[in-house]
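Q: I am attaching a structure below and will ask some questions about it afterwards.
The values are calculated or read from the model by the stated rules, or taken from the named source; none is laboratory data. Treat the numbers as computed from the prediction; the structure is a model and nothing was measured. Here Cβ is always computed from backbone atoms with ideal geometry, including for glycine, and neighbour counts include all displayed protein chains. SASA here: full protein model, heavy atoms, side chains in, ligands and nucleic acids out. Shrake-Rupley method; radii C 1.70, N 1.55, O 1.52, S 1.80 Å.
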Amino acid sequence: MLTQNGPNPAHPTTTIRFSVAESGIATLVIYDVLGHVAAVPFDGLAVPGQEYVVTVDGNRLRSGVYWYRLKSGNRPATRKMVLLR
């Protein structure tokens, strides 16, 4: 499960929360509107029953629209994020 980041629009930091259904490697990737990887705030082992909270520092990103995607097992999830600086 991947929740909407908050606050959205982000200024300059935002928090993304997620949990997984199965143990395994989980990767949270932020993409710009052109599909380029802008950041990888989480890449590691995730276990079910735990909520993961990731703080994204928007100071390293430009203002604009981004997409963040959680890949874990066979259940990818994507959400939209707006960053204002």
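Q: Those residues that are of a type in the set (A, V, I, L, M), more than 22 Å from SER23 (Cβ to Cβ) and surrounded by 14 or more Cβ atoms within 10 Å (Cβ to Cβ), I need them from the range 72-85; list them, please.
A: MET81, VAL82, LEU83
Q: On to the next question. For ARG69, indicate whether it is basic (Lys, Arg) and either open to solvent by less than 50 Å² (accessible area, probe 1.4 Å) or part of a strand (DSSP E or B) (or both).
A: Taking the combined requirement at face value, the residue satisfies it.
Q: Name the single residue, out of those in the range 5-23 being modelled with pLDDT of 95 or more and closer than 15 Å to PRO76 by Cβ, that is surrounded by the most Cβ atoms within 10 Å (Cβ to Cβ).
A: ILE16
Q: Also: When you scan the range 42-63, how many residues do you find that are farther than 16 Å from ILE25 by Cα, over 15 Å from the mean Cα position of the chain (by Cα) and surrounded by 12 or more Cβ atoms within 10 Å (Cβ to Cβ)?
A: Matching residues across the range 42-63 total 1.
Q: Separate question: Could you grab me the full set of residues in the range 1-38 that are under 11 Å from TYR52 (Cβ atoms) and among the aliphatic types (A, V, I, L, M)?
A: If the condition is that a residue be under 11 Å from TYR52 (Cβ atoms) and among the aliphatic types (A, V, I, L, M), then MET1, LEU2, ILE16, VAL20, ALA26, LEU28 are the ones that fit.
Q: Which strands (runs of 3 or more DSSP E) does the range 1-60 wholly contain that include 1 or more residues that are touching a residue at least 60 places away in the same chain (Cβ under 8 Å)?
A: So the answer is 13-18.
Q: Moving to a separate point now. Output the residues belonging to the range 28-37 that are of a type in the set (A, V, I, L, M) and open to solvent by 40 Å² or more (accessible area, probe 1.4 Å). Reasoning before the result, please.
A: First, pick out the residues of the range 28-37 that are of a type in the set (A, V, I, L, M): 28-30, 33-34, 37.
Those that are of a type in the set (A, V, I, L, M) and open to solvent by 40 Å² or more (accessible area, probe 1.4 Å): VAL33, LEU34, VAL37.
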